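As C-alpha cells, the structure follows; a few thoughts come after it.
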Amino acid sequence: MVSDQEKDGPRTNEHGTSRRSFVGALAVSGVSGGIVGRSSHSLKESNEAASTQGPWQGINLSDSGTNVTDDLSHLDLGQSLAATELEGDNSFRVDLDVESPNPNIVNVRTDLGVESNEDDLWKAIYDHYQSFSPSDRNHMYVVPPGTWLVETNNIHLEAHEFFGISGNPSATLRVNDQDVDRLMTVGTTDDTPPNAQRTVMQDLAVDIRGDYDAGIGRWYTHRFGLIERVTMLGTRNRLHPEYGGDRHTIMVDGIKSTSTNLIRGCHLNNWDIRHDAPQVGHAVAYSSEPSHVGLNVWEGCQVTGYTDNGFYMSTSNGRNLISGCTAVNCAGAGIRIGDNDMVRNCKIIMREEPAHSWSGLWLENGGGQVVEKLYIRNLIRKPTEIIRCTQSGQAQLKNVHINDDGGNGRTIRVNDSDDSQTTFSSCTITDRSSPTTSDYGVYVQSSNVQFRDCDFDFESRSGNDRHGIFVNGRGDNVDTLGIDNCSVDADGASLRFADSGEKHHVQNSTFEALVMSDADASLTDVLWLGNHHEGATVFHGARENWKGDFNWGFEM
C-alpha cells in the first residue's frame, strides 16, 4: 500500500507513483540528462539545471525550440525529441516499448518515505510491490547513498513485469534482524503465468557484519535477470546454530529454455566461517540448481574462502558460462561445472588451507564442458587433485596452466565415462611441490583421454619423487590413450602403464624420464612413433601387434 509519507508528498498518478518518479522513468530510455520541472523554463535553462542532476532524475532534450513547462502532458519520442501537449489528465508516458514499458522510478526516500538507518527498507519495498497486480508491477526502486535496514525475512517477489533495485550510485543494505535468513526469493519454479519476467539488482552492498547471516537471494527468472556489482560485507556463518542463514548466497535459475541471466562484477570475498561439520551444509557462494534450464552468464565475479564450493553449477540442466571469474581458497571446488557448461579466462588460487577436501576445477554430470584459458595457482597441500574430471560425456580443456608449489595429491585426475573423450590441448603443468610420499601428478583412470601439445614439468622439492603420467584403471583396462607432441619431464618416471590397454597412440613426444609398464599390463595394437626417450624405456608386460618403433640405443 502507498505510505502516508507518499500520500503527503508530490502529486501521484492513479497507480500511486509520483510525478517525479515518472519523470525519472525517462532515464531508462537511454537518453542522458534531466528534465527540469519548474514552470516556464526555456530548454536552455533546463539543460543548464540538468547538468547538476543525478542519472535517475530525467532526460535532456536537444534544442528544438520547445519549452518544457509544467502543463506538459506527453513526450513523444517515437519520431523526434519534441515535447507535445495533450489534453487530459497530465499523465506521462514514454512510447518506446509497448510490450515491455520502461519501469516507473521509485525513490525509496522521497516516494516511499523510508529513512536510512531507521526504517525497514525491505518491508516498505515489499508493501509497495504487493499493492499492485502482477501485470502492473513495473518499478525500479532507487536507493540513495547510505545504509538502509533489512529487517524483513525473504520477501517473495513472485510475479512482475519488472522489478529492479539499484543503488544510486551505490548503497548498503544492512541486515538488522537475526531472523533474516535470505533477502529475497524471485519468481517460482512453476512456468505458468504470471511469472517474474525481468528482474534487476545493481550497485548494492549487503552488510551482515555482527551476529547476522543471510543469503542474498534465490532467483527463478522467466525472461531476464541481472545481478550487477553486488557485494557482501562481513563473513557468512551459515552453520551458526542461532542465526545461520540460507545455504545459497546468490542462486540463479532460468526456468525456461529462453531465460537469460547475467551475474556480473559481484564480489563474495569474506569467507564462510568453518564449523566442525561436513563441508556440505556450509554456504555456497554462486550456484544454479536443477530447475535451471536457461542460460546463465557469470562474468567478472569473485569468491574467497567458501567451504562448500565457490561456483557450483554442476547439477543444473541449463548452460552456465563462467567468464573472467576468480575463486580463491574454496573447498569442495573453486569452480564446479556440469553438462554443456563453459569456463573461460578464469583464475583459481589456493594459498590457505580450507580445512576440508578441495579441488580447483571439477567437471561432472553430463558432457560438453569446455574450459579455455584457465590459470590455477596452488601453494598448499592437496588432499585430492587440482583438476578432477568425472563427467559422463565429452569435454575439452584448452590452454589450462597450472603452477603447483604445494604438496601431495594429484594435479589432474580423469575418471570420466569410457564412452566419452576428455581432451587436454596446449596445457601446461609446472609442479614444484614438496610431497611427503612419492606419487604421480597426472592420473588417467578411464579410456579416450587425449593430451595434445602439452608440457608437463614435475620436480620435487622434497626427498620424494614427483612422477609424471600414471595410466591406472584400478584393475580395468584403459584404452585409446593419446599423447601427441607433448613433453613430460619428471623425477623418476615420465609415463607408466599399470593396467592393460589397446589402441593407444603415443607420437612425437619427449619423455625425459623412465617410460614403463607393469608386468601384468599387456599393451595391444599400440601406435608408438617418432618419440624421444631421454630416459630408460622398460616394458615389463607383453606388447602385442605393436605398431611403431623406438630410437636406437635403448635396451628394451
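Counted residue by residue at 0.36 nm each, then reduced by the alpha carbon distance between them, the extension gain from Arg209 to Ala542 reaches 113.4 nm. Report in % the part of the accessible area of the stretch 377-511 that belongs to carbon and sulfur, leaving out ligands and nucleic acids; probe 1.4 Å. In the stretch 377-511, the share of accessible area belonging to carbon and sulfur is 32 percent. Amide H contacts under 5 Å for Ala333: Asn309, Gly310, Ser359, restricted to partners 5 or more places along the chain or on a different chain, H placed in the peptide plane at 1.01 Å from N. Relative protection proxy for 381-392, 475-486, from highest mean packing down: 381-392, 475-486 (other beta-carbon atoms within 10 angstrom). A 1.4 Å probe run over the protein chains yields, for the stretch 347-393, 35 Å² of accessible area per residue, whole-number rounding. Projecting label points 7 angstrom from Cα along Cα→Cβ for Tyr375 and Thr428 puts them 1.1 nm apart. Here the spin labels are modelled as points 7 Å beyond Cα on the Cα-Cβ line, and at Ser438 and Ala277 they lie 4.4 nm apart.
A 1.4 Å probe run over the protein chains yields, for the stretch 487-556, 47 Å² of accessible area per residue, whole-number rounding. Give me the percent of the accessible area of the stretch 245-338 that comes from carbon and sulfur atoms, probe 1.4 Å, all protein chains in place. Carbon plus sulfur share of accessible area: 50 percent. At 1.4 Å probe size, with the rest of the protein present, what percent of the exposed accessible area of the stretch 182-225 is carbon and sulfur atoms? Carbon with sulfur: 45 percent of the solvent-accessible area.
The values are calculated or read from the model by the stated rules, or taken from the named source; none is laboratory data. What you see is a predicted model; the values in this text were computed from it and never measured. FYI the Cβ positions are ideal-geometry reconstructions off the backbone, even for glycines, and counts take in every protein chain you see. Protein only, heavy atoms only, side chains kept; ligands, DNA and RNA dropped before computing areas. Shrake-Rupley method; radii C 1.70, N 1.55, O 1.52, S 1.80 Å.
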